[in-house]
1. How do the pairs read when you match residues in the stretch 427-444 that are more than 11 Å from Met372 (Cβ to Cβ) with residues anywhere that are basic (Lys, Arg) and at pLDDT 95 or above, using Cβ under 7 Å and keeping only pairs 6 or more apart or on different chains?
2. Looking at (1) surrounded by 21 or more Cβ atoms within 10 Å (Cβ to Cβ); (2) assigned to a loop (DSSP other than H, G, I, E, B); (3) within 23 Å of the chain's Cα centre (by Cα), which is the one condition that is false for Ala384?
3. Kindly indicate whether any position in the stretch 148-161 is in contact with a strand residue (DSSP E or B) (Cβ under 8 Å, 6 or more places away or on another chain) and in a loop (DSSP other than H, G, I, E, B).
4. Please determine whether any residue of the stretch 128-144 is within 27 Å of Gly180 (Cβ to Cβ), surrounded by fewer than 17 Cβ atoms within 10 Å (Cβ to Cβ) and aromatic (Phe, Trp, Tyr).
5. Which is more than 20 Å from Pro258 (Cβ to Cβ) and among the acidic types (Asp, Glu), of Glu303, Glu320?
6. Residue by residue through the stretch 418-444, note down the ones that are modelled with pLDDT under 95, surrounded by 14 or more Cβ atoms within 10 Å (Cβ to Cβ) and in a helix (DSSP H, G or I).
7. Please specify each residue of the stretch 226-272 satisfying the condition of being under 17 Å from Thr308 (Cβ atoms) and of a type in the set (Phe, Trp, Tyr).
8. When both residues are 6+ apart or on different chains and their Cβ atoms are under 8 Å apart, which pairs have a first residue that lies in the stretch 107-130 and is among the β-branched types (Val, Ile, Thr), and a second that is assigned to a helix (DSSP H, G or I) and surrounded by 13 or more Cβ atoms within 10 Å (Cβ to Cβ)?
Amino acid sequence: DPRSGEILESDINWYHNVMSLLRGWFFVQTAAINPDARRPEFDDAVMGRLIRFVSAHEVGHTLGLPHNMGSSVAYPVEKLRDAEFTRKFGTAPSIMDYARFNYVAQPGDNGVALMPNIGVYDKYAIKWGYKPIPDANTAGDEKTVLNQWIREHEGDPMYRFGHQQVGDVVDPSSQTEDLGDNAMIASDYGIANLKRIVPNLIDWTTEAGEDYDDLGEMYGHVISQFRRYMGHVSNNIGGVYEHYKTADQDGAVYTHVPKAHQKEAMAWINDRLFKTPEWLIDTDIFGKIEYSGSVERIRSVQERYLNTILSLGKMQRMIENEALNGNQAYKLTDMMRDMRNGIWTELSSGRTIDTYRRNLQRVHIDRLAYLMTAKDQSKRRGSAYFKSTAVKTNQSDIRAVARAELNTIQRSARNAVGRTGDYMSRIHLQDVVERVDNILNPND
């Protein structure tokens, strides 16, 4: 009702493939510890619980609750391995978060809950929106009581709200599909489970007389889940926390992610992504699902998150962080050096540069080339969901930093050419020198 805001009627519409999506998510996030998730077709009881979870989330929308992506960060990661805690509190304080299933739980975590519950935040939000206040005679009286209910839980992360972010993910504590208060630790647990799934993928997805379509689909879910972990961690770099406050509440709304946390995230990406994730390369699986694509798949994942880290918005926020906080900030130049040292390790070690690493190094050069000519980025407004950082590229430090990186890479590659005995490594480095020269001197 546009006059009062009262919800008169709502519908929940189901896509035709919801059960297929649920099976993929539940498999890739829990099959390492959950035999029920390993079957080509789930039991009705299992699928019923999954449908109940989705239905509860959608009913929340019919009651006016938006997504609360800042909910799952309330739980310490290790608590998600605690059976008593998870049975009581689920995977997040709000079912309106995209905190799907408990990918943190490890073999041996007996009795741990794997699914979300209707949480303490949900009950609090429904109380705030619907509970009658019989002693209130006016809207002003109601507002006083409502504000008091909010202040009762001030500073308690269990009752925090965080918007879903579309476009640039600025606040890493309000992400989709994540669990726990530390993305690096949670993602390491998730990757450990993916490493348990991949060797068993053929056995868990095939049946006599059937083809390998299901194997291909579930391997795709493994890649998608790995991508999510990379996104959860990379968004800490150049990140800014956002905690909504009113004028009578203490503290800042916006605070930069601490330097040590950002630096840890960059080191994590170097080790888990830019160092080739060889555990994803399974020739037994590839021989059954595709005639080509495995090399390009790795390159594509690496490119996506390298480009995410070297996005204009992130880089500009790092520049601003240094301007405001000096040596307390994770500086853009420090991040660029850390990334370069992770991507180009062979230049100092003299080791052979294999196909995967050559591809990654070219991705890095191509992104730096883009930064040399990238157009300005505006700060678009109009929605609490959409975030974008304004960047005047040609007048910011971004171009100078990109140029310095290209010069350093070219100099190091030129010096390394004579130290490698591998033919492909040598011609790759020669190509690197030429590519960088063409970027820096396009008119020569």
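The values are calculated or read from the model by the stated rules, or taken from the named source; none is laboratory data. This is a predicted model, so every value here is computed, not measured. Virtual Cβ from ideal backbone geometry, glycine too; neighbours counted across all protein chains shown.
1. Listed by first residue and then by second, the contacts come to His428/Arg358; Val433/Arg414.
2. Evaluating Ala384 over (1) surrounded by 21 or more Cβ atoms within 10 Å (Cβ to Cβ); (2) assigned to a loop (DSSP other than H, G, I, E, B); (3) within 23 Å of the chain's Cα centre (by Cα) leaves (1) as the failure.
3. Taking the stretch 148-161 first, the residues in contact with a strand residue (DSSP E or B) (Cβ under 8 Å, 6 or more places away or on another chain) are none.
Checking the stretch 148-161: not a single residue is in contact with a strand residue (DSSP E or B) (Cβ under 8 Å, 6 or more places away or on another chain) and in a loop (DSSP other than H, G, I, E, B).
4. From the stretch 128-144, those within 27 Å of Gly180 (Cβ to Cβ) are 128; that's our starting set.
This time we only want the ones that are surrounded by fewer than 17 Cβ atoms within 10 Å (Cβ to Cβ), so: 128.
Among the residues that remain, those that are also aromatic (Phe, Trp, Tyr) are: 128.
Yes; the residues of the stretch 128-144 include at least one that is within 27 Å of Gly180 (Cβ to Cβ), surrounded by fewer than 17 Cβ atoms within 10 Å (Cβ to Cβ) and aromatic (Phe, Trp, Tyr).
5. Working: Glu320 fails: more than 20 Å from Pro258 (Cβ to Cβ).
After applying the criteria, what remains is Glu303.
6. Scanning the stretch 418-444 gives a single hit, Arg419.
7. Phe226, Tyr229, Trp268
8. Once the first residue is among the β-branched types (Val, Ile, Thr) and sits in the stretch 107-130, its partners that are assigned to a helix (DSSP H, G or I) and surrounded by 13 or more Cβ atoms within 10 Å (Cβ to Cβ) give Val112/Leu80; Val112/Arg81; Val112/Ala83; Val112/Thr86; Ile118/Ala56; Val120/Phe89; Val120/Met158; Val120/Tyr159.
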